[in-house]
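Asker: Dumping the structure here so I can ask a few things about it.
The values are calculated or read from the model by the stated rules, or taken from the named source; none is laboratory data. The structure displayed is predicted, hence computed values, not measured ones. In this analysis, Cβ positions are derived from the backbone assuming ideal geometry, glycine residues included, and neighbour counts consider all displayed protein chains. Side chains are part of the model used for accessible areas, which takes the heavy atoms of the whole protein and leaves out ligands, DNA and RNA. Shrake-Rupley method; radii C 1.70, N 1.55, O 1.52, S 1.80 Å.
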Amino acid sequence: MADKDYYRILGVPRDAPAEDIKKAYRQMALKHHPDRNPGSKEDEEKFKEASEAYSVLADAEKRSVYDRFGHDGLKGQGFAGFDSAVFEDFEDILGNFFGFSIGDLFGGRERGRGGARRSRGRDLALEIEIRLEEAAAGVEREIKLNRAEACPVCRGSKRKPGTRAASCPTCGGRGQVRFQQGFFTMARSCPRCEGSGEVNASPCDACQGKGHIREKRTLKVRIPAGVDDGSRLRLVGEGEAGDEDMPAGDLYVMTRVRKHPFFERDGNDLSCEITVSFSQAALGARIEIPTLEGSEIFKVPAGTQPGETIRLKGKGIQDISGRRKGDLFVKTLVRTPDNMSKEQKTLLAKLAELRGEDIESVDKSVIHRLKNILQ
Ligand SMILES: [Zn+2]
Ligand SMILES: [Zn+2]
């Protein structure tokens, strides 16, 4: 089902609001749910398709990746396949009405002894702020987390070591209770054991039977050279602990790059403005300018016009792939001399005279040029 159109699967337009997508999925899921269509491979396929489509379109970030880059984009971002993190949301939509969880169909959730549902740990996300210099060169940062980790005493089993789970007395270990509705006998998840069929008769003391304890952790994170404002790093397995024998979630670190007083950044390119005097622009000059590593000498060519931009190849930011470097664009502004002494004015008038510029009479050159253009 890799190249099917998720919007077509759910029968919604590409600009459908989140609420419509949820409604469309709910209708499809209820219609094709395997509990309603026992043994129908076709319905099961349709149900899976719709669930996969929903798992992408319901997540604003994944939806935007899919809109721009399609299925390949999702794979590139590590979103391929079915994300078990959305299971809770599915159960939210469908209620606990059906006898099994959607995760069972996709193999994302496992059933333990007695049918207990287990899921992987939750992902965590945080932001760190860095300077442009650090974004360009890469930097190591310490981050502090408060996350759920597997209880060291019961190792996530929630039970006192050496004890076993007991069969649920309410449903007799089946995980479902049946009830009559009109002509039909319906099944729903057992409210006591939440469908697992077992109860914890001797909860672990260390974690009060939760299987997890909260720990404060400090992690060292290596931010690679070339990250931009809004770049996202994924640290696999550094999120919260999963249920027993299930993998931990991931940690996403988003970088925020502080505005730089001298440089503007556009992708891997940098730009800056320098101001030189009238004489420096005319005669050329050597100006010391700041760089991300320190400073360097910038040569202003003789005859530079106000606003002229010079491109310094390879003086920008290293691409995050490490393959190429961006460029630096230096824009030169020219300061016109003011507050001049009498002697300076005389010299400048002399210069104008030598260049054949008439300061005293009305200069009609602009009007003439305009007339030539309009003719
Ligand atoms: Zn424990
Ligand atoms: Zn039960």
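Asker: Could you tell me how many of the residues in the stretch 305-326 are open to solvent by less than 70 Å² (accessible area, probe 1.4 Å), more than 15 Å from Gln280 (Cα to Cα) and out of contact with any Leu (no Cβ under 6 Å at 6 or more places or on another chain)?
Answerer: 8
Asker: Out of curiosity, is Thr255 touching a residue at least 24 places away in the same chain (Cβ under 8 Å), in a strand (DSSP E or B) and not aromatic (Phe, Trp, Tyr)? Let's see the steps before the verdict.
Answerer: Details: touching a residue at least 24 places away in the same chain (Cβ under 8 Å): yes; in a strand (DSSP E or B): yes; not aromatic (Phe, Trp, Tyr): yes.
Against the criterion (touching a residue at least 24 places away in the same chain (Cβ under 8 Å), in a strand (DSSP E or B) and not aromatic (Phe, Trp, Tyr)), Thr255 qualifies.
Asker: Of everything in the stretch 196-216 that's buried (at least 18 other Cβ atoms within 10 Å of the Cβ) and not in a strand (DSSP E or B), which residue is farthest from ligand 1 (Cβ to nearest atom)?
Answerer: The selected residue is Gly197.
Asker: Further question on the same structure: Might you check whether a residue that is of a type in the set (Val, Ile, Thr) and loosely packed, with under 10 Cβ neighbours inside 10 Å occurs anywhere in the stretch 343-361? Talk me through it step by step, then tell me what you get.
Answerer: Our first condition is that a residue be of a type in the set (Val, Ile, Thr); within the stretch 343-361, this holds for 346, 359.
Those still in the list that are loosely packed, with under 10 Cβ neighbours inside 10 Å too: 359.
Checked the stretch 343-361: at least one residue is of a type in the set (Val, Ile, Thr) and loosely packed, with under 10 Cβ neighbours inside 10 Å.
Asker: Please pick out the residue among Ile287, Ile297 that is open to solvent by less than 60 Å² (accessible area, probe 1.4 Å), farther than 30 Å from Ala150 by Cβ and not basic (Lys, Arg). Quick ask: steps written out before the conclusion?
Answerer: Details: Ile297 fails: open to solvent by less than 60 Å² (accessible area, probe 1.4 Å).
When all the criteria are applied, what remains is Ile287.
Asker: Please find, within the stretch 297-340, the residue that is nearest to the chain's Cα centre (by Cα) out of those that are without any contact (Cβ under 8 Å) to a residue 12 or more places away in the chain and farther than 17 Å from Ala137 by Cα. Spell out the reasoning first.
Answerer: Narrowing the stretch 297-340 to residues without any contact (Cβ under 8 Å) to a residue 12 or more places away in the chain: 297, 323, 338-340.
Those left that are additionally farther than 17 Å from Ala137 by Cα: 297, 338-340.
On the way: Ile297: 38, Asp338: 51, Asn339: 54, Met340: 56 Å.
The qualifying residue nearest to the chain's Cα centre (by Cα) is Ile297.
Asker: Same structure, new question: When the residues of the stretch 217-234 are filtered to those that are open to solvent by less than 40 Å² (accessible area, probe 1.4 Å) and free of Cβ contacts under 8 Å to residues at least 40 places away in the same chain, which remaining residue is farthest from ligand 2 (Cβ to nearest atom)?
Answerer: In the first step, residues of the stretch 217-234 are kept if they are open to solvent by less than 40 Å² (accessible area, probe 1.4 Å); the result is 219, 221, 223, 225-227, 230-231, 233.
Filter once more, so that each one left must be free of Cβ contacts under 8 Å to residues at least 40 places away in the same chain: 230, 233.
Values: Gly230: 46, Leu233: 42 Å.
Among residues in the stretch 217-234 that are open to solvent by less than 40 Å² (accessible area, probe 1.4 Å) and free of Cβ contacts under 8 Å to residues at least 40 places away in the same chain, the one farthest from ligand 2 (Cβ to nearest atom) is Gly230.
Asker: Continuing with the same structure: With the requirement that a residue be open to solvent by less than 70 Å² (accessible area, probe 1.4 Å) and either among the acidic types (Asp, Glu) or outside any loop (DSSP other than H, G, I, E, B) (or both), what does the stretch 147-188 give you?
Answerer: Listed by number, the residues that qualify are Arg147, Ala148, Glu149, Ala150, Arg159, Ala166, Gln176, Val177, Phe179, Met186, Ala187.
Asker: Mind checking which pairs have a first residue in the stretch 156-175 that is under 17 Å from Ala206 (Cα atoms) and a second that is within 8 Å of ligand 2 (Cβ to nearest atom) and in a loop (DSSP other than H, G, I, E, B), Cβ under 6 Å, 6 or more apart or different chains?
Answerer: none
Asker: Ok, one more. Out of the residues in the stretch 258-284 meeting the condition of being surrounded by 19 or more Cβ atoms within 10 Å (Cβ to Cβ) and of a type in the set (A, V, I, L, M), tell me which one is nearest to Thr218 (Cα to Cα).
Answerer: Leu270
Asker: What number of residues within the stretch 235-248 are under 16 Å from the mean Cα position of the chain (by Cα) and buried (at least 18 other Cβ atoms within 10 Å of the Cβ)?
Answerer: Initial filter on the stretch 235-248 (under 16 Å from the mean Cα position of the chain (by Cα)): 235-236, 239.
Then drop every residue that is not buried (at least 18 other Cβ atoms within 10 Å of the Cβ), which leaves 239.
The total comes to 1.
Asker: With (1) in a strand (DSSP E or B); (2) under 30 Å from Arg214 (Cβ atoms) as the list, and Thr309 as the residue in question, which single condition is left unmet?
Answerer: Answer for Thr309: the failing condition is (2).
Asker: Looking only at residues in the stretch 53-71 that are touching a Phe, Trp or Tyr at 6+ places or on another chain (Cβ under 8 Å) and more than 11 Å from Tyr7 (Cα to Cα), which one is surrounded by the most Cβ atoms within 10 Å (Cβ to Cβ)? Quick ask: steps written out before the conclusion?
Answerer: Taking the stretch 53-71 and keeping what is touching a Phe, Trp or Tyr at 6+ places or on another chain (Cβ under 8 Å), we get 53-58, 62, 65-66.
From the residues that got through so far, the ones that are more than 11 Å from Tyr7 (Cα to Cα) too are 55, 58, 62, 65.
Working: Ser55: 24, Ala58: 17, Lys62: 19, Val65: 20.
This residue is Ser55.
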